[in-house]
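K.L.:
The structure's right below; bear with me while I get my questions together.
The values are calculated or read from the model by the stated rules, or taken from the named source; none is laboratory data. Note that the coordinates shown come from a computational prediction; the quantities given were computed from them, not determined experimentally. Positions of Cβ are generated from backbone atoms using ideal geometry, with glycine treated the same way; all protein chains shown enter the neighbour counts.
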Amino acid sequence: MKPFITSLILCYILLLLCGVPFFSHYLETLTLSLTLTCLCGRSLVLRCGTTPHVYADLLYSDTLRDRQLVRRVVGTVGGAWVAAGLLALDWPATWYLEWPVPSVVGAMVGCGVITVF
């Protein structure tokens, strides 16, 4: 339970540093951080702990498990980031304009695409 809570808090703080709404949409931000934690954050904290230098070593690791973990994180975060960029488009679909639905869907699609390929 401790790695999950640690990962959730780290994801939430990183999302706040990226500029997501804090006071007005805190439940939605918590939803996105929970999604990112379930898809990749928990695995990172279990593998590396909370020390920053281990994360840098993970990028240059030669083991298959570490490379798959890095690819999953890149796919998940990249999918959420690309989908958040689409929020600026003025599309008439009401479900698409609500934060964090596009980012959650983008994170799941990004993680799924990276897992398949």
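K.L.:
Across region 98-117, what is the number of residues that are closer than 23 Å to Gln68 by Cβ and without any contact (Cβ under 8 Å) to a residue 60 or more places away in the chain?
P.N.:
Selection size over region 98-117: 10.
K.L.:
Please tell me if Val73 is surrounded by fewer than 16 Cβ atoms within 10 Å (Cβ to Cβ) and modelled with pLDDT of 85 or more.
P.N.:
Values: surrounded by fewer than 16 Cβ atoms within 10 Å (Cβ to Cβ): no; modelled with pLDDT of 85 or more: yes.
Against the criterion (surrounded by fewer than 16 Cβ atoms within 10 Å (Cβ to Cβ) and modelled with pLDDT of 85 or more), Val73 does not qualify.
K.L.:
Can you tell me how many residues within region 55-69 are among the aliphatic types (A, V, I, L, M) and within 13 Å of Thr115 (Cβ to Cβ)?
P.N.:
To start, the set of residues in region 55-69 that are among the aliphatic types (A, V, I, L, M) comprises 56, 58-59, 64, 69.
Narrowing further to those that are within 13 Å of Thr115 (Cβ to Cβ): 69.
Within region 55-69, residues that are among the aliphatic types (A, V, I, L, M) and within 13 Å of Thr115 (Cβ to Cβ) number 1.
K.L.:
Could you check Leu30 against (1) more than 12 Å from the chain's Cα centre (by Cα); (2) in a helix (DSSP H, G or I); (3) under 20 Å from Ser103 (Cα atoms); (4) in contact (Cβ under 8 Å) with a residue 12 or more places away in the chain and say which number it fails?
P.N.:
(1)
K.L.:
May I ask you to verify whether Gly41 is at positive phi and not polar (S, T, N, Q)?
P.N.:
Considered against the rule, which asks whether it is at positive phi and not polar (S, T, N, Q), Gly41 comes out as no.
K.L.:
Give the number of residues within region 35-63 that are assigned to a helix (DSSP H, G or I) and either without any contact (Cβ under 8 Å) to a residue 12 or more places away in the chain or surrounded by fewer than 18 Cβ atoms within 10 Å (Cβ to Cβ) (or both).
P.N.:
Let us first name the residues in region 35-63 that are assigned to a helix (DSSP H, G or I), namely 35-48, 52-59.
Checking which are either without any contact (Cβ under 8 Å) to a residue 12 or more places away in the chain or surrounded by fewer than 18 Cβ atoms within 10 Å (Cβ to Cβ) (or both) leaves us with 38, 46-48, 52-59.
Count: 12.
K.L.:
Give me the pairs, please: first residue somewhere in region 66-81 and farther than 25 Å from Trp99 by Cα, second residue anywhere and buried (at least 16 other Cβ atoms within 10 Å of the Cβ), beta-carbon distance under 8 Å, and either six or more positions apart or on two chains.
P.N.:
Hits for this filter: Asp66/Leu58; Leu69/Cys40; Leu69/Ser43; Leu69/Leu44; Leu69/Leu58; Val70/Leu58; Arg71/Ile114.
K.L.:
Could I ask something else about it? Can you confirm whether Gly78 is small (Gly, Ala, Ser), surrounded by fewer than 19 Cβ atoms within 10 Å (Cβ to Cβ) and at positive phi? I'd like the intermediate steps shown before the answer.
P.N.:
Values: small (Gly, Ala, Ser): yes; surrounded by fewer than 19 Cβ atoms within 10 Å (Cβ to Cβ): yes; at positive phi: no.
No; evaluated as a whole, the condition is false for this residue.
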